[in-house]
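Read through the structure below, which is laid out as structure tokens, and then see the notes.
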Amino acid sequence: MREQRARGGRPRGSTRERILDIALELFNEQGYDKTSLREIAERLQVTKAALYYHFERKEDILMQLHLRLHELGREVLDKLGSIDAAADKSKAWSQLLDQFIDQIVANRDLFLLHQRNHNAFEVLEHSEHHDAEHEDLEQMLRRFLSDPSIPLAQRVRMACSFGAVIGVLIGDMFGDASPPEVADLVRSAVHDLIEPREQAGRPRKRSPQRATR
């Protein structure tokens with residue numbers, strides 16, 4: 001039986017990945033600032049020396065957890081970058097957005113980490129490693145959305161749909177509903193946004209200004 005692997009090709013059960021998983025739990029439970037390396041080692045049932053072998057500082061653990069989020073976005077953008085035809089890109093966007101929504105729900109703890117430890121991430125954002133990763137992903141998205149072979153109206157809808165997914169699912173504004181329920185509603189909303197009304201057979205409402213001309 002093949003061993004399940006985590007992102008980056010490492011075995012899911014490797015000590016490094018287990019450290020990150022345990023740290024994620026503790027950071028969300030009691031906060032990044034209030035969690036020590038000793039507590040992470042104790043819950044993992046390893047010595048501090050074993051922990052230091054993989055991560056010398058708590059900040060290094062936080063950075064790696066942050067990069068897990070970058071990997072989610074990179075996977076989607078890499079797939080889009082491998083498609084040549086504009087029509088195929090437009091079709092693939094909808095499918096990959098569905099995949100991205102699923103990834104956000106499956107990795108909700110990572111997004112909660114950002115929400116609950118905002119101050120820690122503000123410090124992290126000034127690091128050279130973070131800046132390089134963030135700029136790389138942003139450039140990939142800009143490159144795709146600036147592709148003139150895709151109609152401008154479609155690119156605008158794509159950008160709006162991406163922003164809607166991030167804005168709603170990363171936030172915690174719908175505490176009265178389960179994350180999967182909210183995700184399904186977001187999925188429906190962004191598909192309505194991506195698909196032009198005229199293509200869906202629904203009349204487009206005229207603005208009051210146009211109607212009075």
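The values are calculated or read from the model by the stated rules, or taken from the named source; none is laboratory data. All values reported here derive from a predicted model rather than from experimental measurement. Neighbour counts are summed over all protein chains in view; Cβ atoms, including those assigned to glycine, are modelled from backbone coordinates with ideal geometry. Note: areas computed on protein heavy atoms with side chains; ligands, DNA, RNA excluded. Shrake-Rupley method; radii C 1.70, N 1.55, O 1.52, S 1.80 Å.
Is it the case that the stretch 53-72 has a residue that's of a type in the set (Ser, Thr, Tyr) and modelled with pLDDT of 90 or more?
Yes, because at least one residue in the stretch 53-72 is of a type in the set (Ser, Thr, Tyr) and modelled with pLDDT of 90 or more.
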Inset, instruction - Considering every residue within the stretch 120-134, establish whether at least one is polar (S, T, N, Q), surrounded by 12 or more Cβ atoms within 10 Å (Cβ to Cβ) and either at pLDDT 90 or above or in a helix (DSSP H, G or I) (or both). - result: no
Inset, instruction - Could you list, in sequence order, all residues of the stretch 135-153 that are assigned to a loop (DSSP other than H, G, I, E, B) and either within 14 Å of the chain's Cα centre (by Cα) or farther than 19 Å from Lys79 by Cβ (or both)? - result: Pro148, Pro151
Inset, instruction - List the number of the failed condition for Asp102; all other conditions in (1) open to solvent by 40 Å² or more (accessible area, probe 1.4 Å); (2) modelled with pLDDT of 85 or more; (3) closer than 30 Å to Gly31 by Cα; (4) in a loop (DSSP other than H, G, I, E, B) hold. - result: (4)
Legend entry - Members of the stretch 154-179 that are farther than 17 Å from Arg116 by Cβ, part of a helix (DSSP H, G or I) and either touching a residue at least 40 places away in the same chain (Cβ under 8 Å) or acidic (Asp, Glu) (or both): Gln154, Met158, Ser161, Phe162, Val165
Inset, instruction - Determine whether the stretch 34-45 contains at least one residue that is at pLDDT below 90 and either within 21 Å of the chain's Cα centre (by Cα) or open to solvent by 20 Å² or more (accessible area, probe 1.4 Å) (or both). - result: no
